[in-house]
Every structure is written in structure tokens, then in C-alpha cells.
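Here's the structure we're looking at; comments come further down.
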Amino acid sequence: MYTLFNPRLCVTSLFDIDLNQLRQQGIKGIIFDLDNTIVPWDSADMCPKITSWLHELVVQEFKVVIVSNNWNKRVKLIADRFNLPFVSRAYKPAKRGFHQALAAMGLQAEDTAVVGDQLFTDVLGGNRMGMYTIWVKPLTSHEFIGTRVHRKLENIVIRILKEKGLMK
């Protein structure tokens, strides 16, 4: 059970993701969570460095989709900046939003990575789909109240994963 919460890769920031390594592993598409992964929660401001990095993904011909549990208007605002497909109100970790993202990219789960800041939504959902999961440190500590509750539970799961030697 705990392996469903265990990401394949843990990184401090998006910039720690080795795109060449992903390509060598057969990854052709990347699903990104929105809040606290590529933009701070409840903000439309994106760090210029992240903007450049996302543009580089497109230049390197990775297919990219944003999948968020947030409302359509907010997700569309960010996705439109990059002309990216998106899935809003995805209800992660449910599979529906991930299936929609795969269809938008024309890829299979094994060709796709999921990048997000939450174990209970992004990592669990991606692992349930058989995707390569990347857990990134949240951009800020400012979060939705429900996410703050999840963080407390995440800390328990992380401790158990570390005790079992499943996570470093």
C-alpha cells in the first residue's frame, strides 16, 4: 500500500529534474500539477525562471498538460500562457483527469511523468496509473486549508516510507 504514495523521484525544485534522464527512460510527456508546483497557490504570478523552463520543455518536444483540482478559469489562465492543454477539476487522485491528459497528449501511461507537490493527489494518482511520479517541494507554504490537513497526513506517510527504507 505504501508504495502507492512513494514517488519514483523526489526533487527540491523543478530545475532538479533531469530532462535527458527522463527522455532516456522513455518519457515523452509530462503532466504538471498547478498550485505550488508551477505557480504559488492562489496566485497567477509565475517565476520567470519557471516560465523559461516550461518553454524549454516544449522546445525539447516534450508533450505537456496541466492537471489540477482547481477551477477551470484559474487553470485556463495559466495554461493559455503556454498554449497548453489542461484538465481542471480533475479530482486527483481519481484517474479521470489523468486519462484526459493522456488522451490530450496521445500517449500511454508508461510514456508519461507526473510532477506535483502532493503525495495524496499527484503521486498517488500517477502511481495508480502506472506513470513515472516526481514529487517536488511546494513553492510556498501558503496553501488551501484542505492541503494543510493533507500535509499533516503526508508527514506520517513520509516517516513510514523512510522507516521502511522506501524513501530517502
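The values are calculated or read from the model by the stated rules, or taken from the named source; none is laboratory data. Predicted model only: the values in this text are computed from it and were never measured. Using ideal geometry, Cβ is built from the backbone for each residue, glycine included, and neighbour counts are taken over all protein chains shown. The protein model used for the area step is the full one, side chains on, heavy atoms only, and it has no ligands, DNA or RNA in it. Shrake-Rupley method; radii C 1.70, N 1.55, O 1.52, S 1.80 Å.
The translational diffusion coefficient of segment 1-51, from Stokes-Einstein at 37 °C and 0.692 mPa s with a Kirkwood hydrodynamic radius over alpha carbon pairs, comes to 252 µm²/s.
Taking every protein chain into account, the 1.4 Å probe leaves Arg23 with about 100 Å² of accessible area, to the nearest ten.
Treating only the Cβ atoms of Lys and Arg (+1) and Asp and Glu (-1) as charged, compute the dipole magnitude of the chain about its Cα centre; round to the nearest 20 debye.
In total the dipole reaches around 460 debye.
Of the residues Thr37, Gly130, Ile50, the one whose Cα sits farthest toward the positive end of the charge dipole of the chain, with +1 on the Cβ of Lys and Arg and -1 on the Cβ of Asp and Glu, is Gly130. Our summary gives the chain a relative contact order of 30 percent, counting only alpha carbon pairs under 8 angstrom and 6 or more residues apart. Comparing Asn20, Gly97, Leu84 along the charge dipole axis of the chain, the residue lying farthest to the positive side is Gly97, per the Cβ-charge model.
FRET efficiency for the pair Thr3 and Arg89, taken as 1/(1 + (r/R0)^6) with r the Cβ-Cβ distance and R0 = 30 Å, rounds to 0.60.
Taking 0.36 nm per residue of separation and subtracting the Cα-Cα distance, full extension of the segment from Ser52 to Val11 would add 12.9 nm. Judged by the gyration tensor of its Cα atoms, with axes a ≥ b ≥ c, the chain is rounded; a/c sits under the 1.5 cut.
Residues whose amide H lies under 5 Å from that of Ile30, counting only those 5 or more places away or on a different chain, are Lys63, Val64, Val65, Ala113; hydrogens are built 1.01 Å from N in the peptide plane.
Between the amide H of Leu107 and any residue lying 5 or more places away or on another chain, no distance stays under 5 Å, with hydrogens modeled in the peptide plane.
In the context of the full protein assembly, Lys49 retains an accessible surface of approximately 120 Å², using a probe radius of 1.4 Å and ignoring ligands and nucleic acids.
For segment 50-142, the extents of the C-alpha atoms along the principal axes are 33, 29, 24 Å, listed from largest to smallest.
Taking only the C-alpha atoms of segment 72-120, Rg followed by Dmax gives 11.3, 30 Å.
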